[in-house]
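> First the structure, then my questions, so here it is.
No value in this document is a laboratory result; all are computed from the given coordinates. Computed from a prediction, not measured in an experiment: that's the story for all the values here. Every residue, glycine among them, receives a Cβ derived from its backbone with ideal geometry; neighbour counts consider all protein chains shown.
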Amino acid sequence: MDLIPTDDQQQIIDLAADFIINELPLSRLFDAHYDADKARLQRQAMAQLGWIGIGLAEEGGGVGMTVVEEAFILREIGRVIGPTAIIPAILAAKLAQEAGLNDLRDALLSGEGGAALAVAETPLSATADGVNGTARIYNVQDAQAVLAIVGDEALLLDASGASLQELPWLDAFTPVARRDLAGLSVLARVPAAATVHNGLLLTAAYPTGLAEGAVAMVQEYAGIRETFGRKIGAYQAVRHPIAEGAARSEHAKSLLYVAALALRDGRDDVALQLSSAKVVAHRAATRNADINIQLHGGIGITNDLPAHHFMKRALMLAPWFGGRKPLLDALLDEPLLTI
Amino acid sequence: MDLDYTPEDLEFRRAARAWLAANVPTEPRPAEVQAGAAFDKAWQRRLYDGGWAGVNWPKEYGGLGLNGVRTLIWWEECERARAPGYERFTIALTHAGPTIITRGTEEHKAAYLEKILKGETIWCQGFSEPGAGSDLAALKTRGEIDGDYLVVNGQKTWTSGAATAEFQELLIRTEPGSERHKGLTWIICDMSTPGITVQPISTMMGESDINATFYDNVRIPLKNVVGEVGGGWSVAMSTLAFERGNTFLRDQISMAGKVERAIELARKTVTADGNRAIEDKEIARKLADLKADAMGLRAMAIMNVSNIDRKGQPGPEGSMVKLLVSQVNKQLMEVVADLSGQPFLDYDGTRHSNEWTFDYMWSWVLTIAGGATEIQKEIIADRVLNLPRSR
């Protein structure tokens with residue numbers, strides 16, 4: 001039993017952190033807007049690093065690592081509020097591999113194309129040839145397929161040629177559409193459990209990074225900004241919420257690692273660990289986003305500072321693969337296997 | 001990185017489980033102070049006779065010298081068996097004993113350590129004073145050297161177990177006019193020495209074993225000083241890392257079980273509207289949220305023991321555990337009070353009349369004792385985050 005990344009794993013984390021500091025510094029978000037060309041280049045750069053196929057077997061064109069390494073990468077991306085398009089891309093590439101859709105798989109792994117994620121707005125139902133119901137569709141840019149979870153099935157829907165009209169949207173860096181899924185033809189359908197579990201892990205890893213990134217940002221500011229003749233980090237009204245935020249981050253990170261290992265190894269309590277990890281990470285992300293905005297003062301609510309993007313991104317990810325309430329309702333009855 | 005146990009770990013777990021199943025007392029720990037202490041001594045003796053005393057004390061001092069993972073397994077099995085906790089042996093096993101191991105002379109070690117493991121001697125802590133709680137370095141109880149003795153005068157407070165303890169780890173000011181962390185001495189005080197008066201402090205729980213301790217010309221041999229005269233602060237802090245890594249491990253592990261018992265309570269409690277408490281979505285989701293928190297605390301415990309086994313000391317999570325455990329516990333107790341309704345008030349001043357009600361009140365002890373929540377945040381801000389100093 002060991003929860004510390006191995007040297008090889010630490011190297012993956014360090015390389016990801018290096019890439020992110022250089023390519024995705026928080027400063028890129030200052031008063032910026034979504035730029036489709038930049039987003040495409042970022043997707044391709046991440047694909048070249050092998051991130052989209054990091055957990056996919058080598059014979060499927062992937063890197064042959066595991067969901068644990070996926071979680072490391074998503075946590076690093078979350079720290080800088082990086083692109084979420086990688087989440088449906090990772091999952092869709094695995095589904096494409098499973099369904100023998102090699103062209104789609106290769107397009108996703110190379111970053112040439114993207115995948116979108118449908119999150120139900122009304123109850124979805126699957127028929128023999130498609131899905132009925134309205135959904136928000138996240139990350140529609142260059143989407144070749146739409147991933148949808150309908151009941152106990154995961155479906156890949158054909159997005160090529162489909163009308164995916166972008167909406168005005170709170171999170172300015174994620175292109176989102178809304179439509180009835182009827183009319184999108186089915187590319188693949190498989191039992192949902194593996195995709196949902198994998199999706200829960202990725203959407204627990206990302207907000208864990210958000211929580212850590214928000215604390216790092218306010219921690220830095222508290223060491224620089226002065227009021228009443230002192231650095232604000234010397235005031236308990238400021239340093240105590242930051243200390244609590246750091247504790248929330250450690251709590252979320254530890255649980256994320258346990259959940260990742262539970263999924264990798266197919267442990268009996270995987271559902272409990274994953275649901276718990278997402279609930280705890282989401283809470284850490286939203287509360288730490290709050291202290292980051294609040295303790296920056298007035299500048300915190302402006303576009304001169306990316307603090308608000310931590311809040312918006314945490315809100316956006318909340319319903320993916322199961323929102324807080326359904327997760328809580330499910331985990332209440334999960335048996336405790338540890339004691 | 002893995003969650004697997006080695007075959008030896010699993011064998012250890014089987015042995016611990018079997019021994020605990022055969023040896024955990026069936027009767028509850030008595031509420032009365034003297035009877036409670038006798039119960040704790042008997043349990044510690046049973047652990048010793050079974051070869052389970054001092055799980056993470058080094059082997060050369062009679063402990064088991066368990067690594068982090070085995071310590072975790074031990075506490076998981078204790079929780080599963082609902083085994084007694086350290087109780088009155090908390091100070092001896094987690095603070096005074098480790099301090100003597102780290103800083104004591106061979107004579108000290110020979111005189112005190114084995115008796116702790118055998119359940120013969122209870123220790124209490126003489127650190128806090130009426131004017132020095134969170135700000136421990138403000139302590140004023142003084143000791144003057146008189147020949148081969150230190151003569152102690154003053155008052156300590158919050159002395160849990162003082163009425164039943166054989167010994168006390170006592171921190172006093174031995175340099176007249178010294179301030180703060182300087183001029184302090186850590187000394188072993190025999191509680192039967194003339195001049196010591198123990199006065200119980202009545203608490204909101206009704207039953208309690210918290211005391212004020214008064215010292216009137218108490219003569220303690222100088223050979224009882226651990227470390228140097230005047231070097232007491234560093235002695236008192238020398239086991240800090242040990243404590244951070246281990247003291248709250250059982251609480252972390254226990255939280256999942258405690259949440260599960262609260263969920264069971266909600267399933268069987270019929271509320272004033274005739275429904276089961278668990279049918280109230282607000283109650284159910286709060287409990288589920290706390291169950292998720294408890295899984296996180298267990299994960300932090302695994303992170304903690306991983307850091308100890310790999311790097312020899314806890315990582316940043318070690319400083320954050322007490323803050324989180326005591327807060328999750330308080331939130332859980334609030335939900336239990338909420339779902340229980342009026343029967344929660346049925347309480348006769350002893351924990352056995354209503355364990356949940358006692359635990360509800362005890363939740364403030366956990367957020368205050370052993371470094372209050374506010375002090376834990378200062379420690380994180382200073383030592384983990386390196387924020388500008390507030391003091």
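> If you wrap a convex hull around the Cα atoms of the protein assembly as shown, how much volume per residue is inside, in Å³?
170
> Find how many whole Å separate the alpha carbon centroid of the range A:178-234 from the alpha carbon centroid of the range B:20-61.
Spelled out, the Cα-based centre of one part sits 47 Å from the other.
> If r is the Cβ-Cβ distance from residue A:11 to residue A:40 and R0 is 25 Å, what FRET efficiency results, to the nearest 0.05? Numbers along the way, then the final one.
Details: r = 28 Å, r/R0 = 1.12.
Approximately 0.35, to the nearest 0.05.
> What number, in nm² with one decimal, is the all-direction average of the projected area of the convex hull of the alpha-carbon atoms of the range B:1-116?
8.3
> Only bridges with both residues in chain A count here: give the DSSP antiparallel percent, nearest 5.
If I count the DSSP bridges inside chain A, around 85 percent turn out antiparallel.
> Residue B:348 versus residue B:268, label points 7 Å from Cα toward the beta carbon: distance in nm?
Those two pseudo-labels are separated by 2.0 nm.
> Just to be sure I understand: of the beta bridges DSSP finds with both ends in chain B, what percent are antiparallel, rounded to 5?
Numbers: 29 of 35 bridges.
Roughly 85 percent of the DSSP beta bridges within chain B come out antiparallel.
> If you keep only loop residues by DSSP, which chymotrypsin sites (Phe, Trp or Tyr not before Pro) in the range A:222-300 have at most 15 other Cβ atoms within 10 Å of their Cβ?
A:228
> Can you spot the lysines whose alpha carbon is less than 26 Å from residue B:115's alpha carbon? Ignore those fewer than 8 places along the same chain.
Partners within reach: B:41, B:59, B:156, B:223.
> In addition: Under 10 Å, Cα contacts only: if you run a Gaussian network model on chain A, which one of A:89, A:154, A:284 comes out with the highest mean-square fluctuation?
A:154
> So, counting K/R as plus one and D/E as minus one, what does the shell of residues with Cβ under 15 Å around residue B:114 add up to?
Once all neighbours under 15 Å are counted, the net charge is 0.
> Separate question: Over the range A:244-339, what lengths in whole Å, largest first, do the semi-axes of the equivalent ellipsoid take, defined as the square roots of 5 times the eigenvalues of the alpha-carbon gyration tensor? Each step should come with its number before you reach the end.
On the way: eigenvalues 183, 36, 22 Å².
With the √(5λ) rule applied to the range A:244-339, the semi-axes are 30, 13, 11 Å.
> For peptide A:326-336, compute the average count of partner chain beta-carbon atoms within 10 Å of each residue's beta-carbon.
Mean number of neighbouring Cβ atoms from other chains: 5.
> Among B:228, B:106, B:144, which one shows the biggest mean-square fluctuation in a GNM of chain B, springs joining Cα atoms closer than 10 Å?
Comparing B:228, B:106, B:144 in a Gaussian network model of chain B, the most mobile one is B:106.
> Considering chain B as a Gaussian network with a 10 Å cut-off on Cα pairs, which listed residue, B:133, B:54, B:206, attains the greatest mean-square fluctuation?
B:206
> A further question follows. With both bridge residues required to lie in the range B:123-231, what share of the DSSP beta bridges run antiparallel, to the nearest 5%?
Here the antiparallel bridges make up roughly 80 percent for the range B:123-231.
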